[in-house]
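Structure, as structure tokens:
The values are calculated or read from the model by the stated rules, or taken from the named source; none is laboratory data. Quick caveat: nothing in here was measured; it's all calculated off a predicted structure. Every residue, glycine among them, receives a Cβ derived from its backbone with ideal geometry; neighbour counts consider all protein chains shown.
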Amino acid sequence: MIWKGIAMSLYTTKSRTSEKPDLPREACGQLNEGLGLPCQATLAHLNAHSVADILHYRADTQPSAIAFIHLLDGERNEQAISYRELWQRAQTLAHALAPFAPEGKRVLMLFETGIDYITALFGIFLAGGTAIPSFPPIGSRALNRLAIIATDAEPDLVLTNQRFSQMRDRVMAALPSEQSAPSWIDMDCLTTEQTSVAEFPPLLPEHVALLQYTSGSTSDPKGVMLTHANLLSNCHSASVWMGGKRTRVGCSWLPPYHDMGLMGGILQPIYEGFPTVLISPSYFVQRPWRWLDAVSRFRVTVTIAPNFAFDLCIESITDEEKGLLDLSSIEEIYCGAEPVRQSTLDRFAEHFASTGFKARSFSPCYGLAEATVFVTGKPVDSPPITFNTDKDELARGRLKLVAPENLAALPLVSSGRAAPGNRVVIVDPQKHREIEDGQIGEIWVQGGNVGVGYWGKPEDSIAHFHAQLPAISGRFMRTGDLGATLDGELYVTGRIKDLIIIAGRNLYPHDLELCIQNVDPRLRANGVVAVGVDNEQEEWLAVIAEIKRRAKLSALELEELRQHITAALVSEFGISPKLIHFGPVGTIPITTSGKARRQSTKLSLVKGTLACYTPLEQ
């Protein structure tokens, strides 16, 4: 046990957070007004200033209840921790960190998924530091991302364990030589002699709790400054949409270093007070069955995943493995992190219908790190909504309802309604004015979930976090995403930077990519990118497609595949790609949440550095 050198006496040391939070009052929180939800729908009525206060409340009111179960091998090897144990460990760590004076300092976290990660997060909170979640430096891609984050954030401290402290030299070598080296703290080596203070600093709502780095789908990751108030606001609004207090069991394999995994897989379960099963993302990718097996064995009621995860499960889980699953317990499966595809949801529901899975359980949502994570979602116990739009009208910048059987129909999945306490408007990105329902524009967000700005980037912060609209007071956050609202429902259509404009038509890359993926099963799902390439006269379409590992294609077969892709795009969208590039698996760079980095892919294509698929010799 890593805690064997830390005295139990520290558990009872008096501090500001040791005072028991106020008990629930009879009055409902403001977030519940007009929603017809019970008073216990959120904990907004508690006198809490941070999620650390919520953890303390759970430790006091349900001390023996299991908070998390970590599947150490992704399957049967379990490690569980109660709320009381988690609270005690976080307190102990905060005291042991005191000699390093973390209050007000930025602390980079290097941990894998698990109990140590959660302990470290709350220990940093209690010590008054700002946590910087980051992928552990396993593999060149993760090391490169870590180097980008550490260079930008300039952490004062690095908190890790014995495994990753051994990689110190490797990590430091990836940082700029002129940057001040942070102090490294090995959590396994902390001892009681290192603590000397008796109180924790006050956790004020406006203090920056996290530097949450964006996924970097269109640019290098940026550190979003999220306050303790932001984290609580996100939990409050999500709680209302989830229907408040219920008997739940959660499960998450999403990286806790990513906004969706951190908020949905760790902080929200603590706020709601239900146990959650954690799986390392690497174990999921190696064998997606592990996720659904955990759902089945633990009778999970709520889980989360991005769109690509459903495709992976369909492709990799055999009929024999499927026969071992019982997914009837799932009440809500939140899906986001990219435009949600109706075809994917339909395929998953059909494929796993025999396990008791209900299509009604799908809960599409929309969010981004700049708004903590949660912007819109489907209210609990309501079915997901699909809108069939005319694809030609979509190219002209508006939604128009057509019958599903119409050849021009393109299904769009609603990402739900604005989260309580937040406001969503669709704005003309050039004129900065709100536009009417059904018109496509930039999605702007206002409310308690919206962060302070980008760390170290005041100009970007003003441009993105301090937008103004006539006749509407307060600041708005510009998301950079395109979408439209109809009857209060948000339909996300893509990223402004990814939009392809050819001959005056707006083409959304994910629609083209879905069309291409359906051409041939030898193309890897989520391994297709469509980009617009500029020259001096015009913009033209380029397609980059990965060939599955088990597929072995000759040069003639590749040429036939090019022709099929071109025919499909011409038939569905009236456009012919000027270039189709085939590459092996791994050609397309992806973000931490599994989204394709289209701009990076385009840059590599233009530079001629993309990997090429090698056809079989004839």
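In this structure, GLY356 does not satisfy being assigned by TED's automatic domain parsing to the domain that holds ALA67 and not aromatic (Phe, Trp, Tyr). Of all residues in the range 324-345, exactly one satisfies the criterion of being without any contact (Cβ under 8 Å) to a residue 60 or more places away in the chain and in a helix (DSSP H, G or I), namely THR344.
One residue alone among GLU405, GLU442 is of a type outside the set (Gly, Ala, Ser), not in a loop (DSSP other than H, G, I, E, B) and not assigned by TED's automatic domain parsing to the domain that holds VAL208, and that residue is GLU442. Regarding GLY104, is this residue in contact with an Asp or Glu (Cβ under 6 Å, 6 or more places away or on another chain) and either surrounded by fewer than 24 Cβ atoms within 10 Å (Cβ to Cβ) or not in a helix (DSSP H, G or I) (or both)? Considered against the rule, which asks whether it is in contact with an Asp or Glu (Cβ under 6 Å, 6 or more places away or on another chain) and either surrounded by fewer than 24 Cβ atoms within 10 Å (Cβ to Cβ) or not in a helix (DSSP H, G or I) (or both), GLY104 comes out as no. Scanning the range 268-281 turns up no residue that is within 17 Å of PHE68 (Cα to Cα), touching a residue at least 24 places away in the same chain (Cβ under 8 Å), surrounded by fewer than 24 Cβ atoms within 10 Å (Cβ to Cβ) and outside the structural domain of GLU112 (by TED's automatic domain parsing).
Residues that are more than 24 Å from the chain's Cα centre (by Cα) and part of a helix (DSSP H, G or I) within the range 346-361 comprise GLU350, HIS351, ALA353, SER354, THR355, listed in sequence order. Restricting the range 107-121 to residues that are in a helix (DSSP H, G or I) and hydrophobic (A, V, I, L, M, F, W, C), which is surrounded by the fewest Cβ atoms within 10 Å (Cβ to Cβ)? Taking the candidates together, the pick is ILE115. Given the condition more than 20 Å from the chain's Cα centre (by Cα), modelled with pLDDT under 95, among the polar types (S, T, N, Q) and under 24 Å from GLN517 (Cβ atoms), answer yes or no: does some residue in the range 376-383 qualify? Scanning the range 376-383, I find no residue that is more than 20 Å from the chain's Cα centre (by Cα), modelled with pLDDT under 95, among the polar types (S, T, N, Q) and under 24 Å from GLN517 (Cβ atoms), so the answer is no. Out of TYR213, TYR257, one residue alone is in contact with a Pro (Cβ under 9 Å, 6 or more places away or on another chain), among the aromatic types (Phe, Trp, Tyr) and within 30 Å of ILE500 (Cα to Cα). It is TYR213. Scanning the range 69-110 for residues that are over 30 Å from SER296 (Cα atoms) and of a type in the set (Val, Ile, Thr) returns THR92, VAL107.
Within the option set ALA229, ALA238, being in the same structural domain as PRO275 (by TED's automatic domain parsing), part of a helix (DSSP H, G or I), at pLDDT 90 or above and surrounded by fewer than 21 Cβ atoms within 10 Å (Cβ to Cβ) holds for one residue only, ALA229. Of the residues making up the range 297-320, those that are closer than 14 Å to PHE357 by Cβ, out of contact with any His (no Cβ under 9 Å at 6 or more places or on another chain) and surrounded by fewer than 19 Cβ atoms within 10 Å (Cβ to Cβ) number 1.
When the range 408-424 is filtered for residues that are in contact (Cβ under 8 Å) with a residue 24 or more places away in the chain and outside any loop (DSSP other than H, G, I, E, B), the ones remaining, listed by number, are LEU410, PRO411, LEU412, VAL413, ARG417, ALA418, ASN422, ARG423, VAL424.
Within the range 487-504, can one find any residue that is more than 25 Å from the chain's Cα centre (by Cα) and at pLDDT 90 or above? For the range 487-504, residues more than 25 Å from the chain's Cα centre (by Cα) and at pLDDT 90 or above: present.
Residues in the range 241-260 that are surrounded by fewer than 22 Cβ atoms within 10 Å (Cβ to Cβ) and in contact with a strand residue (DSSP E or B) (Cβ under 7 Å, 6 or more places away or on another chain): ARG248 alone.
For the range 570-618, the set of residues classified as without any contact (Cβ under 8 Å) to a residue 12 or more places away in the chain and under 30 Å from TRP253 (Cα atoms) consists of ILE590, SER600, listed by residue number. Only residues that are in a helix (DSSP H, G or I) and farther than 20 Å from VAL51 by Cα were counted in the range 78-97, giving 1.
Consider GLY441 carefully, then state whether it is in contact with a Pro (Cβ under 9 Å, 6 or more places away or on another chain), crowded, with 16+ Cβ neighbours inside 10 Å and at pLDDT 95 or above. Here the answer is yes, as GLY441 does meet what is asked.
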